[in-house]
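Written out below as structure tokens is the structure these notes cover.
The values are calculated or read from the model by the stated rules, or taken from the named source; none is laboratory data. Quick caveat, the model's predicted, so the values are computed rather than measured. Reconstructed Cβ throughout: ideal geometry from the backbone, glycine too, with neighbour counts over all protein chains shown.
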Amino acid sequence: MVSRPESECGDVVKSIPMPTGKGAVTSTSGTVTDPVVTGIGVLAPTGAGVEAHWHAVLAGKSGISRINRFDPTSYPVRFAGQVPGFAAKDHVPGRLIPQTDHWTHLGLAAAAAALADARIDPAELPEYEMAVVTSSSSGGTEFGQHEMERLYLNGPSWVGAYQSIAWFYAATTGQISIRHGMRGPCGVLCCEQAGGLDALGQARRLLRTGSRLVVSGGTDASLCPYGLVAQLTNGHLSTVEDPARAYLPFDAAASGYLPGEGGAILVLESAAGAAARGMGHGYGIIAGYAAGFDPPPGSDRPPALRRTIERALADADVGPADVDVVFADGAGVPEADLAEARALAEVFGPRGVPVTVPKTLTGRLYGGGAALDVATALLSLCDSVIPHTAGPTHLAAGCEIDLVTDQPRDARLNTALVVARGHGGFNAALVLRRPEADRAEGECG
Amino acid sequence: MSEFTLDDLREIMRASTGVDEGVDLDGDIADVEFDDLGYDSLAVLELCGQVGRRYGVQISDDAASEMPTPARAVEFINTMVAKARV
């Protein structure tokens, strides 16, 4: 398992020092050291596949419905984002299905889609130059619950051998690595909802230290009684009965969030490597990244988010004025929303930049959430349109942000910031740049 | 209980651990190594667990190394079942 690079630093925020210099970076073009995203695989409540997801996001079509993986009647939370029409047998080799959790099925399917999208045949590339780094928050919860039921109903000999590998956070990374013959550096980041960005930060690091290609991003799926009960302990899940009003980030009526399953897997390559394959800048450039960790509860020190954002912008060598859109974390928890809105207002000025939270359509996907936000942000850059935040209607007092609501907003977009916060103090920020301007719109990817 | 057969094993293999694409479990698999059928040591361990629960016998983890092929597995399991019946 990869340790989170900054987590040992308390509330200290710093961007990861890179072995190669970035002196030539400008605000409009990447350098050879900036990785690009050449493939995206999406399995999300908004749709299976990039196109289905993006259409649903622009249409404000929610993937949230009553939980149907189990009977949620007796639980306080009954709505969640669930991937529509997913059958593991359509995507996962038969042998792997009983060995792996639903979350890994989603990850394997998304990884295969991302590689196909990037026009990569792993068999043609050196196996030790391909790496896999994913994000996971829950591990194989549903699989584990099933085995625990066998343990307490029948006894230890009924616990299957595959429990040993299926629950583990690194299972999805490992199965992707094995399936596609990728034997370069592999790891998993467990930073709750921030993990999707941290995985991409680690992927970028690997591209700068000898890996040719990194399969990264993440999925999560913890919609089983055990998983849901574990999530309930933080007190932040919304129990509002109306699925359209349960998750309203930055709204005066914010009541927490709804959970969801799925995520996105991305293929990252160096810009030079992608260009050599004729992929240009793909969907866009990962221009900057930073991570931070909040001080403990009760501390009088400020939260780490503002400095995390500032360090990510500095790492990308851009200023606040260069950022055209922010994909916010949008916890839906009033105090967390206020803290995030304040950080954004401090960096960009009050209502200084359009802000959006498309994840109201999916719920929070934990390990998969920020990776899906990055996929959505890249599509936004490519298509010059900011998807709106479905749900919120009245900003909470103190949230001085330009939240894009009601309908998508057309805009010339060069640079996007993705913000993610994970329960327990994790903060991460990632800066994305659209592909070079000489690529016509609609040619992304 | 009647004797444990290769077909019984096939059924458990299908149900418990799945089948690789390109592997025909109905073919002549008796003397093909589990490895070549796509079943690693963990898969054989899982098979043993399933057999053990279904037939009420205890098959130790070390037993996996004593059953490199389906034919040897059937032989070993029958020995265990016979012992359990005594």
Query raised in the report: Among A:Gln202, A:Gln231, A:Gln175, A:Gln193, which is the only one that is crowded, with 19+ Cβ neighbours inside 10 Å and either basic (Lys, Arg) or within 14 Å of another protein chain (Cβ to nearest Cβ) (or both)?
Result: A:Gln175
Report task. Assess whether A:Thr100 counts as being crowded, with 23+ Cβ neighbours inside 10 Å, out of contact with any Ser or Thr (no Cβ under 6 Å at 6 or more places or on another chain) and within 14 Å of chain B (Cβ to nearest Cβ). Result -> yes
Report task. Kindly indicate whether A:Ala314 is closer than 28 Å to A:Thr134 by Cα, over 18 Å from the mean Cα position of the chain (by Cα) and surrounded by fewer than 20 Cβ atoms within 10 Å (Cβ to Cβ). Result -> yes
Requested in this report: Taking only the range A:256-274 into account, find how many residues are part of a loop (DSSP other than H, G, I, E, B) and over 20 Å from A:Thr356 (Cβ atoms).
Outcome: 1
Report summary line: All-but-one check, A:Gly284 against (1) in contact with a Pro (Cβ under 8 Å, 6 or more places away or on another chain); (2) surrounded by fewer than 24 Cβ atoms within 10 Å (Cβ to Cβ), failing number (2)
Query raised in the report: In the range A:202-221, which residue that is among the hydroxyl-bearing types (Ser, Thr, Tyr) and not in a loop (DSSP other than H, G, I, E, B) is farthest from the chain's Cα centre (by Cα)?
Result: A:Ser216
Query - Residues located in the range A:64-95, provided they are more than 14 Å from every other protein chain (Cβ to nearest Cβ) and outside any loop (DSSP other than H, G, I, E, B) - result: A:Ile64, A:Ser65, A:Arg66, A:Phe79, A:Ala80, A:Gly81
Report task. List the helices (runs of 4 or more DSSP H) that sit entirely inside chain B and contain at least 3 residues that are within 29 Å of A:Ile178 (Cβ to Cβ) and more than 10 Å from every other protein chain (Cβ to nearest Cβ). Result -> B:6-17, B:70-85
**Report entry** Cβ-Cβ under 7 Å pairs, at least 6 apart or on other chains, the range A:340-354 side crowded, with 21+ Cβ neighbours inside 10 Å, far side among the aromatic types (Phe, Trp, Tyr)
**Finding:** A:Ala341/A:Phe250
Report task. Test each condition in (1) touching a Leu at 6+ places or on another chain (Cβ under 7 Å); (2) of a type in the set (Val, Ile, Thr); (3) under 18 Å from A:Gln99 (Cβ atoms) for B:Val44 and report the one that comes out false. Result -> (1)
**Report entry** the range A:231-273, subset of a type in the set (A, V, I, L, M) and modelled with pLDDT under 95, residue nearest to A:Thr172 (Cα to Cα)
**Finding:** A:Ala271
Query raised in the report: Somewhere in the range A:143-155, is a residue within 14 Å of another protein chain (Cβ to nearest Cβ), polar (S, T, N, Q) and closer than 30 Å to B:Asp24 by Cα?
Result: no
Query - Condition met for A:Thr393 (surrounded by fewer than 24 Cβ atoms within 10 Å (Cβ to Cβ) and either in a loop (DSSP other than H, G, I, E, B) or of a type outside the set (D, E, K, R) (or both)) - result: yes
**Report entry** Members of the range A:425-445 found to be modelled with pLDDT of 95 or more and either surrounded by fewer than 14 Cβ atoms within 10 Å (Cβ to Cβ) or closer than 30 Å to A:Gly235 by Cα (or both), listed by number
**Finding:** A:Gly425, A:Phe426, A:Asn427, A:Ala428, A:Ala429, A:Leu430
Report task. Sort through A:Asp300, A:Asp329 and tell me the only one that's out of contact with any Leu (no Cβ under 8 Å at 6 or more places or on another chain) and touching a residue at least 40 places away in the same chain (Cβ under 8 Å). Result -> A:Asp329
**Report entry** Filter result for A:Ser384 (in contact with a strand residue (DSSP E or B) (Cβ under 8 Å, 6 or more places away or on another chain), at pLDDT 95 or above and within 24 Å of A:Ala199 (Cβ to Cβ))
**Finding:** no
Requested in this report: Confirm whether A:Glu127 is surrounded by fewer than 22 Cβ atoms within 10 Å (Cβ to Cβ) and away from chain B (no Cβ under 14 Å).
Outcome: yes
Query raised in the report: If you go through the range A:406-422 one residue at a time, do you hit one that is closer than 20 Å to A:Ile40 by Cα, assigned to a loop (DSSP other than H, G, I, E, B) and among the acidic types (Asp, Glu)?
Result: no
Query raised in the report: Which residue pairs have Cβ atoms under 9 Å apart, sit 6 or more places apart or on different chains, and have a first residue in the range A:188-201 that is in contact (Cβ under 8 Å) with a residue 12 or more places away in the chain and part of a helix (DSSP H, G or I) and a second that is surrounded by fewer than 24 Cβ atoms within 10 Å (Cβ to Cβ) and among the charged types (D, E, K, R)?
Result: A:Gly195/A:Arg4; A:Asp198/A:Arg4
